[in-house]
Amino acid sequence: MGLKTMSLILYTAYKSMTPCEDVFVDLAKSANPTIDFTGEQTFLSEFANAACETTNPDVLWLIAQQESNFRFVIARQNGQTAKLFQGQGALDFLQTLAQPVEQPTQNIDIGVLQFNWQWHKTAFNQDPMLALSPRKQVDYFLRTFSKEVFTRCQDQWVGCYHHPSDHQRATRYQLAVVKKGRILALQSLYFLRNHRAQLTAEERKLLPSIRKEEFYRIFQAVANLPLPRKQILHFVDDGPSSRFNMPPVPNYEG
C-alpha cells in the first residue's frame with residue numbers, strides 16, 4: 001500500500017483523490033442528515049480546513065460528533081438550570097458572559113468542541129464570541145489543551161478532554177467517542193462507493209485501489225485515538241487494535 005495513515009478521512013481523501021476538507025464536510029453532513037447546515041456552512045468549512053491541517057482530522061471529527069453533532073453557534077449552560085442555546089439565541093446569551101453580574105454562572109460549554117468557558121476563557125482572550133470560532137478552538141486544542149490532557153492521561157486523553165477529575169465519566173466518554181468511529185467508517189465507505197459510482201470505468205482506473213485489509217487496518221488504528229499534531233503527515237506507521245467491531249467492508253477495486 002502506498003499510503004499508511006491512522007486517519008479514515010485522509011485515507012478516504014487519498015483513495016478518491018478528493019481534498020481532505022471536502023471529505024471532512026461531506027462526512028459530517030452525511031452523519032447528521034436531519035441537520036440543516038445552511039446557516040453554519042462557513043463554520044463547518046473553517047473547522048474542516050483547520051482539522052485537515054493536522055496529522056489526524058478523525059479525532060476532531062469524532063469529538064465534534066460527540067459534543068455537538070457539528071453544531072457551531074451553540075452554547076450549553078450546565079447545572080441545575082441547564083439550558084441549550086442555538087443560533088441567535090446563543091449569540092445573545094454569550095453576550096452576557098462579559099457581564100458577570102447578569103450571568104452568575106460561568107459553567108457554559110461553547111461551540112463545536114464545547115470548550116467550557118469557566119476553565120478555558122483565558123485561551124480566547126475572555127471573548128465568548130471568539131470562542132465560537134472553529135479555527136480558534138482547533139488552534140487551542142492543538143497548541144495547549146490536548147497536550148496537557150495527553151501528558152496527564154496518555155491513551156485515555158480523550159476521556160480527560162471531557163472530565164479530567166472523574167475517571168468513570170471520562171471512561172464512558174472515551175468509549176462513546178470510540179463508538180463514533182463506526183459512524184465515521186461507514187460514512188467513509190459510502191463516500192468512496194458513491195464517488196466511484198459517478199465516474200466512468202476509465203476514470204476509476206486512475207484512482208488508487210481499495211482493499212479490505214487496508215481499510216480494516218486504518219479503522220482499527222482510529223480506535224487508538226492518536227493525538228493530532230499541527231502538520232499534515234500522511235505517511236505514518238499504523239498498528240492493530242481491537243477496541244470495537246469492524247463493519248462489513250465491500251471490495252471497491254479499480
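Some points to look at:
- Filtered residue count, region 119-159, keeping only those that are under 18 Å from T171 (Cα atoms), acidic (D, E) and either crowded, with 20+ Cβ neighbours inside 10 Å or modelled with pLDDT of 90 or more (or both): 0
- Among residues of region 71-85 being modelled with pLDDT under 95 and in a loop (DSSP other than H, G, I, E, B), the one that is surrounded by the fewest Cβ atoms within 10 Å (Cβ to Cβ) is Q80.
- Residue match in region 111-118 (condition: surrounded by fewer than 15 Cβ atoms within 10 Å (Cβ to Cβ), in a loop (DSSP other than H, G, I, E, B), of a type in the set (V, I, T) and in contact (Cβ under 8 Å) with a residue 24 or more places away in the chain): no
- Selection from region 124-147 of residues that are assigned to a loop (DSSP other than H, G, I, E, B) and farther than 16 Å from A51 by Cα: N125, Q126, D127, P128, M129
- Only one of the numbered conditions (1) farther than 30 Å from Y140 by Cβ; (2) assigned to a loop (DSSP other than H, G, I, E, B) is not met by E203, and that is (2).
- Q106 in a loop (DSSP other than H, G, I, E, B) and exposed (fewer than 13 other Cβ atoms within 10 Å of the Cβ): no
- Selection count, region 162-200, where residues are in a loop (DSSP other than H, G, I, E, B) and surrounded by 13 or more Cβ atoms within 10 Å (Cβ to Cβ): 4
- Screening L199, L132 for residues that are touching a residue at least 60 places away in the same chain (Cβ under 8 Å), over 23 Å from Q80 (Cα atoms) and out of contact with any Cys (no Cβ under 9 Å at 6 or more places or on another chain) leaves exactly one candidate, L132.
- When K29 is tested against (1) among the basic types (K, R); (2) more than 30 Å from E213 (Cα to Cα); (3) surrounded by fewer than 21 Cβ atoms within 10 Å (Cβ to Cβ), just one condition goes unmet, and that condition is (2).
The values are calculated or read from the model by the stated rules, or taken from the named source; none is laboratory data. Nothing here was measured: the structure is a model prediction, and the numbers come from that model. Quick reminder, even Gly has a Cβ in these numbers, built from the backbone with ideal geometry, and neighbours come from all protein chains shown.
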